Amino acid sequence: MTIWVTRWLPASLVITALACGSPAPPEEPKCDPGATPAALGPPAGARPGEPYRWLARSWQSPLGVTIRTYGLAIDGVPVFGRHEVEIYDARGQLAYRAGTGGAVLAALHDRGAAAWAAWQHPFASPRSEGRSDPLAHTTERAVWYYADGSVVPAVTTERLDLRGEPPVGEIVVRHAVTGAELARRGTLYELGGPEYLVYARDDGRPLPSLLGNTLPHPTGVPDGRVPSPVPQQSRRQSGVIAGLPDPWLPSPAKQTRGNNVVAFYDSLLNSAGKLVDPFDDMGNDTPEYGPEPDTLGHDFFATATGERFAFTYDPTKTVSEYFQDGAPGDPASPPSASDIAINAKIVQAFYDANWLHDYFYAAGYNEAAGTAQQSNYGRGGTQCDPVIVHAAFFTTFTFPGAEGQSPVLDIGLNSRSASRRDSAMDFTVLAHEWGHTLIGRLAGGTADSDALGKLQGMALHEGIADFIGMLVNVPGVDPLAAYPIGTYTNLDYIERRATLPPVEAPADAMYYGIRRYPYSLDVRKNPLTLRHIAVPPPTDMPYYNWKGRGPQLSEPHTTGEVFSQGLFQCFGNIVAAHAGADFESLRARMAQYLVAGLIAFPDHPSLLDARNAFLGVIRLTHPADDYPACRAGFATRGMGADALGPDRDFPTTNPTTLPPYDPATVQESFLDRDRAVRLISSSFATDPVRARRPAQHRPGRPDDDLARDHAGGARRGHVPRRRARRPRQAVARDSDHGHRRRGHRCVSSARRSSARRLSAVRLHREGHLRRSRRGHARGDLPRLGAGSDGALHLSQPSSASRTVGRRAQREPVRSAPGSTGWKSAFSFTAQSGQGQFAGICAQVVPGAKP
Ligand SMILES: [Zn+2]
């Protein structure tokens, strides 16, 4: 279509030329997009209905070769979408032929004269509107449409309206007699593409939340104030400063199903109209969960109207929004595909995830680095793995997904918000969740590297995801300001209490967000330093005890805060080192450092190893300015030159048991010296254990089916939608302890001695806990029992203990397959005769081993 535009640009130049006294312009050309090429007519001797090929173009290249394109036709009417191309060398010899035209011609010829006689087109002469406006016209042409060895008479309708808002460009092929639609495709590739009604800034960057630009906190003190919602804005990819040329959606687009992101409502209703758990007792995806869209169920995409994904969200009605957050087994009404709020969330999440894709692509997270795309455009990497987003889900979590397996973002309800806020409308949270996909892909480089499988790796996953949530949202870095994440999502925190213990801060979500402290370069707003992974933060600065994680120092989010604060301090110092420089260029460079540093992570990095990876990259690329700035930032947070931390392989067994870090292993250092980086020397080749290993295999090999299945990594064209399920009697082998158990292995995060006393404690998962608020848990739930080593494990259902009214969390814990297989985990709270306790359940599934 741009050809038309280009051809007409000289028309405006003509006026200028006249004014300059140049030669008179040529006569204005007569435009008839429907005109018939003369060569299309049947050759001499052709019988009625007999197919033939016609020369559509013969072109000689300055290189000396001649390229001819032949179309197919019958009785002067072309066959739609079929041609053949030939290249002749400088001597006129045919050197190359390609295209399906020859094969189709042969197939049509084979039908024989009797069939040809029946091929009579009702509109034998092309129909068009004659002289057309090149920027806006509708053209109809008679064509033949080829399918399955035969042709049917058809009419193409090409609609073009570049002046329209939105612009329109498409070709539709319909049966000439029945009118049935045979094919449809867009013809606009370089215009704006679809329009999205979203919470975003003028430059296309999503806003931190529907409350507008809430970073940093406006006053820097917890004052309880909540800003008013801002209106959504119409945005197009073409207007997004960070947008890539690769389209988020083809044009015209109807659904939020693109090359980078597939966003839809993922219903958990089964055929009996009852809610199911997204995961069965073995931790496998249930068919209702997917993760791909279930066309037989109630899943649905957001649908565009005239190239506009425009759903006006009403932030005052969050309490009554539709969520499938009942207990498994509960009947529920089906979702409505026309639900405005759900559609607005799908569109926002689709937009946000695409924006993040493009932003970090520019920072190096491209095909070769493992970015998630359906097509990699022939640029390397593994394709067929776009990010899948389940919008308006009943909770929020992420499965990173290894290369070749779609990451899954479940974005939805914060059940701890009394006003039932959705994290799709909080870009700090969505970017955190998406950040897990970036981190999971980049760290380690291979699917089976288990790069972040240890306790500090889990903390790095959370801490760096937090930093990503901040990096893409902050408008700059003020050294005294407070930068909370998750403020909108967590408004009206359900556990708000009038009287708090001295260590707990009031539940002011706008100031604290969802962490103990807002991130801040000011130690009076965020006091965390390296030692606080092992000892509690100072008691004179009360912290926000979200989800009760505050005292759990080795919990990944809690430990992750320490590292994220170090990264933030690094970034703040880099910004400060370039006074007057453009913030966007510094932010983009920090994103490049993030991508490169993550790729440079060693196996099982400690927090200090991760620091070294980032510092190593920065020292190699910006040694004079950014390196000392970043290094000083880490030193400010106790991760200086002489810092020591826990062993990178701590704990040597199951990291999901969250054992506390031993304070004796943590020595913080505020010394800003070059020693902080011990530059890279690999011991990989000389490691006798590793040297004996055969080459690591890639996911997708036949022997890796089990692991792939468990990863939820359905790949279109390779795996049936309802993928083969692992047999229920399969045992999970925990090689760390040398014994076998079925299903999840659970350990209380309370003292083990008390865990041992629990004779009958129910296991609760997301949905189950909701039910438990109303009374006793369901009788068909698995039971948690005490094992000989003090760990808890699943056994038969029991009618004993009672649950508590607090939902468990499920976190992005399905990691890459490590040496012991796949892992999934979730934490829970429960109540027994001995009182309430918290715990975590992990499942280790035997997977292919390197
Ligand atoms: Zn997270």
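With R₀ fixed at 41 Å, the C-beta to C-beta distance from Arg97 to Asp161 puts the FRET efficiency at about 0.60. Among the chymotrypsin sites (Phe, Trp or Tyr not before Pro) found in segment 417-479, not one is both in a DSSP coil and sparsely packed, with 10 or fewer other Cβ atoms within 10 Å of its Cβ.
On segment 199-272, 54 percent of the accessible area sits on carbon and sulfur atoms, based on a 1.4 Å probe.
Under a 5 Å amide H cut-off, with hydrogens placed 1.01 Å from N, Phe279 pairs with Thr286 among residues at least 5 apart or on other chains. For segment 455-676, the solvent-accessible area works out to 32 Å² per residue, with a probe of 1.4 Å and every protein chain left in place.
Extension gain for Gln233-Asp582 works out to 123.1 nm (0.36 nm per residue, less the C-alpha to C-alpha distance). The distance between label points at Asp647 and Leu620 comes to 2.9 nm (points 7 Å beyond Cα on the Cα→Cβ vector).
Only one residue of Gln456, Leu491, Phe650 has its Cα farthest out toward the positive end of the dipole of segment 455-676, where Lys and Arg carry +1 and Asp and Glu -1 on Cβ, and that residue is Leu491. Applying 0.36 nm per residue to the separation of Arg225 and Asp89 and subtracting their alpha-carbon distance, the gain on full extension is 41.4 nm. One chain, two ends: Thr539 and Asp672. Fully extended at 0.36 nm per residue, the span grows by 45.2 nm beyond their Cα-Cα distance.
The values are calculated or read from the model by the stated rules, or taken from the named source; none is laboratory data. Values in this document were obtained by computation on a predicted structure and should not be read as measured data. Cβ coordinates were reconstructed from backbone atoms using ideal geometry, including for glycine residues, and neighbour counts include every protein chain displayed. Ligands, DNA and RNA are excluded from the accessible area calculation, which covers all protein heavy atoms including side chains. Shrake-Rupley method; radii C 1.70, N 1.55, O 1.52, S 1.80 Å.
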